Amino acid sequence: MENDVTKPRWCGWIALRLRAIGVVVCAIVLALGWTVRPAVSATPDGQCLTCHTVPGLEMPLPDGEKLPLTIPADSFAHSIHSPLGCTGCHTDISLPTHPAAVPIIKSRREFSLKMVQACQTCHTQQFNDWRTSVHAALVSQGNTAAPVCTNCHSPHAVQKGVAEAIDTVPCRACHAAIFAAYSDSVHGILRRGGMRQAPLCFSCHGAHAVHVPSEMQGLKDVCLRCHKNAVEEHGTWLPNVALHFNVVSCPACHVPSAHRRVDLVLFNSTTQKAIPDQEGIPNFVRPDASSPTAPPGLDPQTLFTLLQALNRPGVADKTVVNGRLEVSTAVEAHQIVPAESAIRDCATCHRAGANAFQSVVISVAGPGGIPVHYGANKDVLNSAFSIASIGGFYAIGGTRITILDALVVLALLGGFGFAIVHGSMRILFRHFLKHPRQDQSKG
Amino acid sequence: MQRIYIHALPIRIWHWINAFSCVMLALTGLQIRYVGTIDVVTFRTAVMVHNVFGFIVVANFFLWLSYYALSDKRVNYLPNLQVARFIRGAMRQSEFYAFGVFKGDPNPHRVTKYHQFNPLQAMTYQALMLVVLPIQGITGILLWNLTGFAGIVALVGGVRVVDTVHVLIFAAFLFFIPFHAYLSTMGHTPLADYKAMWDGYEEVEEGESADGVE
């Protein structure tokens with residue numbers, strides 16, 4: 001409808017004429033086909049392909065896009081969908097009324113969404129898996145870039161195994177930067193070298209029920225699926241190994257070059273899931289919205305107040321903060337290096353001012369469980385408020401509470417200072433008073 | 001001077017193991033907390049040594065507890081319920097440490113088998129052995145295996161609460177260790193009390209205790 005309002009009337013007139021010309025051309029081609037290629041057109045598919053193998057055949061759409069109508073006949077003949085024939089999927093098309101005089105496809109996206117229904121007729125399980133995925137969640141949010149079946153699986157050239165091969169895996173089309181990082185990682189190198197056990201995208205993310213493994217502890221579970229002895233092996237040298245596996249994501253150590261950050265997830269203690277973004281969290285500042293004049297993110301006191309507000313009396317589901325050490329970007333998360341190059345020096349994180357604790361985000365669950373991050377001031381990790389607000393996340397040394405350092409120094413000075421001052425006075429007084437010693441009891 | 005056998009062998013063993021272990025715990029504790037500033041050993045080594053001495057102190061605590069539970073000397077660790085008398089004694093002892101010791105006044109406390117500690121010592125050691133050390137041991141064990149004790153850790157408010165309590169007591173020990181070592185030089189010779197804790201015999205002057213208790 002928008003086109004009708006914004007485009008001049010002559011555009012519609014031209015489109016109508018073009019469509020009419022298309023119908024005439026198709027009719028001519030069909031007529032020629034019947035006479036020239038009777039063997040092909042003898043079958044229903046042959047009738048379709050008579051027109052739909054014509055190079056450059058496309059349909060102008062109301063949104064200005066063009067829908068390609070040419071089907072590569074050879075590819076289709078070799079695809080696993082070939083036995084189904086055209087009408088196996090295009091069930092609503094009948095030759096007498098095709099092509100329709102009035103356009104029934106408004107946009108390519110709308111056509112793709114409509115044809116998903118055809119896919120689910122046979123691929124019910126895969127479709128149901130997809131419906132639980134982040135991709136489906138994004139589609140339902142109106143994200144036009146989120147993939148449906150035909151975005152990943154070329155419907156007229158589907159061949160078994162294509163989506164599972166490193167050179168043709170469909171994920172790379174949208175996630176090119178991540179795929180490049182993966183390709184250079186130990187996983188990508190091994191996969192390309194022919195090791196079938198080395199993971200490809202779907203190995204960690206799922207093929208159709210695609211999820212974000214970095215959500216909560218999902219990544220650890222994904223890694224442990226293959227690296228089954230990882231906990232035991234780390235336990236030979238890493239103290240508190242179970243805790244490290246819970247609060248440190250694998251890439252935080254296995255991507256030494258990555259920028260690390262602390263992800264404080266607002267977590268519903270009853271449902272054991274991150275609280276949804278829709279609950280409305282005040283005082284949050286998106287990291288990408290920061291400017292020289294913008295505040296440096298949520299400060300310790302505001303986080304404390306926020307949690308007090310979320311956990312006000314009467315609220316049954318308490319919100320707690322679950323902290324995890326992550327890498328900053330999805331690209332970095334895929335740059336896994338061989339184990340011998342991973343970080344093993346505890347001081348990397350357990351010293352004051354460690355790089356890992358200079359960046360802090362607070363996360364809630366966005367659509368499909370994709371974490372939504374908000375910037376937080378790094379002081380939330382070292383403030384006295386952290387005892388109450390982020391009681392569950394602590395790295396000895398690295399996120400120590402600074403005010404306690406003053407107490408430690410005072411205690412040391414007090415203990416030694418008392419001994420030095422009191423002892424010196426005893427010596428001086430004894431010297432000047434020339435008194436014999438009479439004290440006898442220890443302290 | 002009179003030699004009185006005060007410190008039984010189990011207590012002397014406990015004391016010196018405890019003393020050495022607490023010093024090691026304090027040093028490794030400083031190394032763990034201030035890695036990057038203090039780098040005598042690696043963080044991992046410091047943690048391992050800290051854990052070992054932590055368990056030694058815990059086991060040693062039960063040696064101490066068993067001895068006093070089965071011995072009639074347990075009275076040394078029972079609180080003085082005569083509050084006014086206790087306060088008078090504490091004031092007198094404080095006055096001695098603050099002024100008397102400089103003037104050469106006699107120590108108002110006389111050590112006996114069933115009255116080892118002056119009022120200030122008694123108060124300090126009771127708090128230390130019956131409250132502070134057990135809490136430090138418990139928080140240390142929780143920090144040693146946070147996932148194994150996750151339920152308890154969550155119940156008390158999370159790892160930061162546990163660690164903060166552990167660090168507060170750590171600070172108290174950082175004060176107490178040099179303080180205690182110094183006050184132990186206030187015997188009739190600077191090493192008299194150290195010697196007593198080594199061989200078990202206290203050398204005391206004959207006469208009535210000025211804090212009123214024999």
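Before moving on, here are some points about what is shown:
- Residue, nearest to A:Arg400 (Cα to Cα), within segment B:31-45, restricted to residues that are without any contact (Cβ under 8 Å) to a residue 24 or more places away in the chain and within 23 Å of the chain's Cα centre (by Cα): B:Ile32
- In this structure, A:Ile362 does satisfy being part of a strand (DSSP E or B), more than 8 Å from every other protein chain (Cβ to nearest Cβ) and at pLDDT 85 or above.
- The set of residues in segment A:69-92 being more than 15 Å from A:Thr50 (Cα to Cα) and outside any helix (DSSP H, G or I) consists of A:Ser79, A:Ile80, A:His81, A:His90, A:Thr91, A:Asp92.
- Among the candidates A:Val380, A:Val372, A:Val409, A:Val421, the residue that is part of a helix (DSSP H, G or I), touching a residue at least 12 places away in the same chain (Cβ under 8 Å) and more than 7 Å from chain B (Cβ to nearest Cβ) is uniquely A:Val380.
- Looking only at residues of segment A:53-67 that are crowded, with 17+ Cβ neighbours inside 10 Å and in contact with a strand residue (DSSP E or B) (Cβ under 9 Å, 6 or more places away or on another chain), we find that the one that is modelled with the highest pLDDT is A:Leu57.
- Residues in segment A:80-111 that are within 20 Å of A:Glu58 (Cβ to Cβ), free of Cβ contacts under 8 Å to residues at least 24 places away in the same chain and small (Gly, Ala, Ser): A:Ala100 only.
- Being away from chain B (no Cβ under 11 Å), part of a strand (DSSP E or B) and more than 30 Å from A:Ser140 (Cβ to Cβ) is a property that A:Leu303 lacks.
- Contact map, segment A:171-199: first residue not assigned by TED's automatic domain parsing to the domain that holds A:Asn151 and β-branched (Val, Ile, Thr), second residue in a helix (DSSP H, G or I) and surrounded by fewer than 19 Cβ atoms within 10 Å (Cβ to Cβ), Cβ cut-off under 6 Å, separation 6 or more or different chains; pairs are A:Ile178/A:Ala330; A:Ile178/A:Val331.
Each row is one residue, and each column tells you yes or no for (1) surrounded by fewer than 16 Cβ atoms within 10 Å (Cβ to Cβ); (2) within 7 Å of chain A (Cβ to nearest Cβ); (3) within 20 Å of A:Arg400 (Cα to Cα).
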site	(1), (2), (3)
B:Thr124	no, no, no
B:Gly151	yes, no, no
B:Val167	no, yes, yes
B:His180	no, yes, no
B:Asp193	no, yes, no
B:Trp198	yes, no, no
B:Glu203	no, no, no
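- Sole residue being small (Gly, Ala, Ser), closer than 21 Å to A:Pro251 by Cα, surrounded by 18 or more Cβ atoms within 10 Å (Cβ to Cβ) and out of contact with any Phe, Trp or Tyr (no Cβ under 8 Å at 6 or more places or on another chain), chosen from A:Gly391, A:Gly398, A:Gly369: A:Gly369
- Residue within segment B:105-117 that is in contact with an Asp or Glu (Cβ under 9 Å, 6 or more places away or on another chain) and of a type in the set (Val, Ile, Thr) present: yes
- Residue match in segment A:343-351 (condition: away from every other protein chain (no Cβ under 12 Å) and modelled with pLDDT of 90 or more): yes
- Selected residue (criterion: nearest to B:Ala122 (Cα to Cα)) from residues of segment B:57-85 that are surrounded by 13 or more Cβ atoms within 10 Å (Cβ to Cβ), of a type in the set (Ser, Thr, Tyr) and over 14 Å from the mean Cα position of the chain (by Cα): B:Tyr68
- Selection of segment A:388-406 for residues being more than 8 Å from every other protein chain (Cβ to nearest Cβ), of a type outside the set (A, V, I, L, M) and not in a helix (DSSP H, G or I) yields A:Gly398, A:Thr399.
- Among the residues of segment B:59-109, those identified as aromatic (Phe, Trp, Tyr) and either modelled with pLDDT under 90 or closer than 24 Å to B:Ala19 by Cα (or both) are B:Phe61, B:Phe62, B:Trp64, B:Tyr67, B:Tyr68, B:Tyr77, B:Phe86, B:Tyr97, B:Phe102.
- Taken over segment B:25-41, the criterion of being among the β-branched types (Val, Ile, Thr) and either at pLDDT below 95 or under 16 Å from B:Phe170 (Cβ atoms) (or both) is satisfied by B:Thr28, B:Ile32, B:Val35, B:Thr37, B:Ile38.
- Taking the criterion of being among the small types (Gly, Ala, Ser) and either crowded, with 20+ Cβ neighbours inside 10 Å or more than 7 Å from chain A (Cβ to nearest Cβ) (or both), the residues of segment B:153-165 that qualify are B:Ala154, B:Gly158.
The values are calculated or read from the model by the stated rules, or taken from the named source; none is laboratory data. Nothing here was measured: the structure is a model prediction, and the numbers come from that model. Backbone-built Cβ (ideal geometry, glycine too); neighbour counts: all protein chains shown.
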